[in-house]
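This report refers to the structure that appears directly beneath it.
The values are calculated or read from the model by the stated rules, or taken from the named source; none is laboratory data. In this text, all values refer to a predicted model and were calculated from it rather than measured experimentally. When we count neighbours, we look across all protein chains shown, and the Cβ atoms used for this are built from the backbone with ideal geometry, even at glycine. All accessible areas refer to the heavy atoms of the entire protein, side chains included, with ligands and DNA or RNA removed. Shrake-Rupley method; radii C 1.70, N 1.55, O 1.52, S 1.80 Å.
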Amino acid sequence: MKAMNINWIGILKCPLTGFDLRVLTEEEIAMLNADSADQKLWQADGSPIKQKLEQGLISSDQSYIYPIINGIVILLKDLALTRTADKFIKEEKDKDKQLVQNFYNQKGWFVNDEGNYEDAVIYEDLRDVSKDYLKKCHDRVSRYLNSSGTYMLDAASGALQYPDYLQYSENYTYRVCVDFSFQALLEARKKLGEKGIYVLADMCNMPFKDNVMDGFVSLNTIYHIPKDQQALAIRELYRLLAKNGKGVVVYDWYKHSVWMNFYLLPFRGFVFIKNRLLGLISKLLGKAEPAKRLYFYAHTYTYFRENLPPFKLAVWRSLSVPFMRYYIHPALFGKQILNWIFTKEEKEPELCGRKGEYPMFIFEK
């Protein structure tokens with residue numbers, strides 16, 4: 001068993017108790033595996049242990065143990081291990097969070113025959129006509145981050161599906177990848193190796209001490225968190241930000257985007273009518289409604305102004321994927337239109353962030 005680099009363990013804390021964590025010794029691991037074989041060790045949700053413990057962390061009060069699997073630190077509360085039934089947690093799993101976790105563990109972060117992640121195939125515009133514009137939008141994030149530091153937090157890192165994303169942590173010692181999906185972190189590890197720290201955790205209960213991150217990014221994720229917890233998740237990111245640290249959250253206004261509402265109104269009307277008709281036909285035929293793929297909820301700008309620490313607003317991208325698929329085509333001067341839009345975004349970043357599809361919330365402590 002390869003020894004684990006513990007240089008960064010000090011930034012972690014137990015997500016259940018808030019206490020420090022330390023690496024288990026080989027002797028402790030042997031004892032825990034013996035306890036598991038004797039049915040004296042459980043997951044904190046009361047479930048039996050499903051695999052042998054090879055590496056792990058333990059809270060300083062010895063209440064909870066956290067496995068390390070394939071270099072990924074498991075810091076979800078319900079996946080903690082405990083020796084005593086009185087340490088079981090009674091919380092029910094959030095169904096919306098479970099929906100997101102299941103999608104990315106079972107489909108989203110797997111590569112298709114063309115080499116693209118299923119998430120990108122479904123939700124992104126992968127056409128050549130759009131690539132230059134999308135890359136320039138990805139590059140924008142770097143402007144609002146410190147150029148170097150020790151820890152760059154990537155909250156809901158996913159699989160780091162675009163090479164452009166790697167630039168954000170290029171001059172940092174570590175990129176701390178946090179995700180709700182184990183499959184996402186396996187994919188991220190392929191790209192970062194020892195430069196990455198990989199933590200399976202809930203963004204609404206970050207298992208890190210205060211003020212330890214020199215920067216953070218959270219790209220296209222917050223709107224997949226239950227609506228009443230979205231502001232909490234962003235406040236957690238701000239809590240982790242060190243003095244003079246900088247962070248960026250990319251959000252999606254969706255139907256709160258004035259410009260996209262205007263240009264997509266006829267298409268949305270058609271889709272609404274089509275879905276209603278298909279739903280009616282399915283109901284008449286006695287068919288079940290199709291399973292919901294992902295949870296999504298978009299708050300307004302006012303909501304975030306009232307519920308977050310002070311932030312600046314800029315544009316990440318004005319255009320939604322449906323807009324690009326409907327309006328942007330090579331034969332209709334698609335690249336030229338995108339260049340013109342990018343120039344406008346550069347001149348008026350706050351306006352485009354307010355009226356377009358994807359804003360950036362920029363934080364500094």
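Out of every Cα-Cα pair in region 41-192, what percent are more than 19 Å apart?
Details: 7287 of 11476 pairs.
Everything past 19 Å amounts to 63 percent.
Quickly work out the Asn339-to-Asn307 label distance, labels modelled 7 Å from Cα along the C-beta direction, and quote it in nm with one decimal.
For the pair Asn307/Asn339, the computed spacing is 4.2 nm.
Go through Leu192, Leu185, Leu351 and list them by solvent-accessible area, largest first, probe radius 1.4 Å.
Numbers: Leu192 25, Leu185 0, Leu351 65 Å².
From most accessible down to least: Leu351, Leu192, Leu185.
Given a Förster radius of 30 Å and the C-beta distance between Gln39 and Ile6 as r, what FRET efficiency does 1/(1 + (r/R0)^6) yield to the nearest 0.05? Intermediate values should be presented prior to the final figure.
Numbers: r = 30 Å, r/R0 = 1.02.
Efficiency, rounded to the nearest 0.05: 0.50.
What are the lysines whose alpha-carbon lies under 23 Å from the alpha-carbon of Lys93, with same-chain residues fewer than 8 places away excluded?
Excluding near neighbours in sequence, the set is Lys13, Lys50, Lys77, Lys107, Lys227, Lys292.
Of all accessible surface on the chain at a 1.4 Å probe, what whole percent is carbon and sulfur? Show your work: numbers first, answer last.
On the way: 9980 of 18480 Å².
Whole-percent figure for carbon plus sulfur exposure: 54.
If one computes the Cα centroid of region 20-44 and of region 313-339, what distance in Å separates the two points?
Taking the Cα centre of region 313-339 as reference, the centre of region 20-44 is 54 Å away.
Contour minus end-to-end for Lys209 and Ile122, with contour as 0.36 nm per residue of separation and end-to-end as the Cα-Cα distance? List each step's numbers first, then the result.
On the way: separation 87, 0.36 × 87 = 31.32 nm, distance 3.59 nm.
Between Lys209 and Ile122, full extension yields an extra 27.7 nm.
Under 11 Å from the Cβ of Asp125, count the other residues' Cβ atoms, weight Lys and Arg +1, Asp and Glu -1, and hand me the total. Intermediate results must be reported in sequence, preceding the final value.
On the way: positive: Arg127, Lys131, Arg317, Arg325; negative: Glu124, Asp128.
Combined, the nearby Lys, Arg, Asp and Glu give +2.
So how do Leu284, Leu126 rank on accessible area, 1.4 Å probe, biggest first, that is with the largest at the start? Numbers along the way, then the final one.
Details: Leu284 140, Leu126 65 Å².
Result of the area sort, largest leading: Leu284, Leu126.
With θ taken as phi - 60° and the coefficients 6.51, -1.76 and 1.60, list the Karplus ³J(HN,Hα) couplings across region 10-27 in order, rounded to whole Hz; mark glycine and proline as x.
My calculation for region 10-27 gives x, 7, 8, 9, 5, x, 9, 10, x, 6, 4, 10, 9, 6, 5, 7, 4, 5 Hz in order.
Suppose every K and R has +1 on its Cβ and every D and E has -1 on its Cβ; what is the size of the dipole of region 153-249 about the Cα centre, in Debye to the nearest 20? Could the numbers behind the result be given before it?
Working: 11 positive and 11 negative charges, 28 e Å.
Roughly 140 debye for region 153-249.
How would region 118-189 be classified by its alpha-carbon gyration tensor: rounded, prolate or oblate, with rounded meaning a/c under 1.5 and the a/b versus b/c comparison settling the rest?
On the way: a/c = 2.72, a/b = 1.20, b/c = 2.27.
In terms of gyration-tensor shape, oblate.
Please give me the summed charge of the neighbours of Ile49: other residues whose Cβ is under 14 Å from its Cβ, Lys and Arg +1, Asp and Glu -1.
Values: positive: Lys40, Lys50, Lys52, Arg83; negative: Asp35, Asp38, Asp45, Glu54, Asp78.
Local net charge: -1.
When the dipole is taken about the Cα centre of the chain, and only Lys, Arg (+1) and Asp, Glu (-1) are charged at their Cβ, what size is it in debye, to the nearest 20? Don't skip to the end; give the middle numbers.
Working: 49 positive and 44 negative charges, 236 e Å.
With Lys and Arg at +1 and Asp and Glu at -1, about 1140 debye.
Among Phe267, Thr82, Tyr64, which residue has its Cα furthest toward the positive end of the charge dipole of the chain, with +1 on Lys/Arg Cβ and -1 on Asp/Glu Cβ?
Checked the options; the winner is Phe267.
Going by alpha carbons, how many degrees (0 to 90, nearest 10) lie between the helix axis of 334-347 and the longest principal axis of the chain?
Tilt relative to the chain: about 70 degrees.
Suppose all protein chains stay in the model; what accessible area per residue would a 1.4 Å probe give for the chain, in Å²? Write out the running numbers ahead of the final one.
Numbers: 18480 Å² over 365 residues.
Value for the chain: 51 Å² per residue.
Say R0 is 56 Å: what FRET efficiency, to the nearest 0.05, do Glu194 and Ala331 get from their beta-carbon distance? List each step's numbers first, then the result.
Working: r = 47 Å, r/R0 = 0.83.
Efficiency, from the Cβ-Cβ distance: 0.75.
Distance from the Cα centre of region 87-129 to that of region 58-74, in angstrom?
Result: 25 Å between the Cα centres.
As a test of the formula, what do you get for the chain when each DSSP H run with n ≥ 4 contributes -39,500 (n - 2.57) and the sum is divided by the residue count, at 222 nm and rounded to the nearest 500 deg cm²/dmol? Spell out each step's value before the answer.
Values: 11 runs with 124 residues, N = 365.
Roughly -10500 deg cm²/dmol at 222 nm, from the helical runs in the chain.
Which residue, chosen from Thr221, Leu192, Ala233, occupies the Cα position most advanced towards the positive end of the dipole of region 188-256, where the dipole is computed from +1 (Lys, Arg) and -1 (Asp, Glu) charges on Cβ about the Cα centre?
It is Leu192.
In debye, nearest 20: dipole of region 95-153 around its Cα centre with unit charges on the Cβ of K, R (+) and D, E (-)? The partial results should precede the final answer.
On the way: 9 positive and 10 negative charges, 72 e Å.
Around 340 debye, computed over region 95-153.
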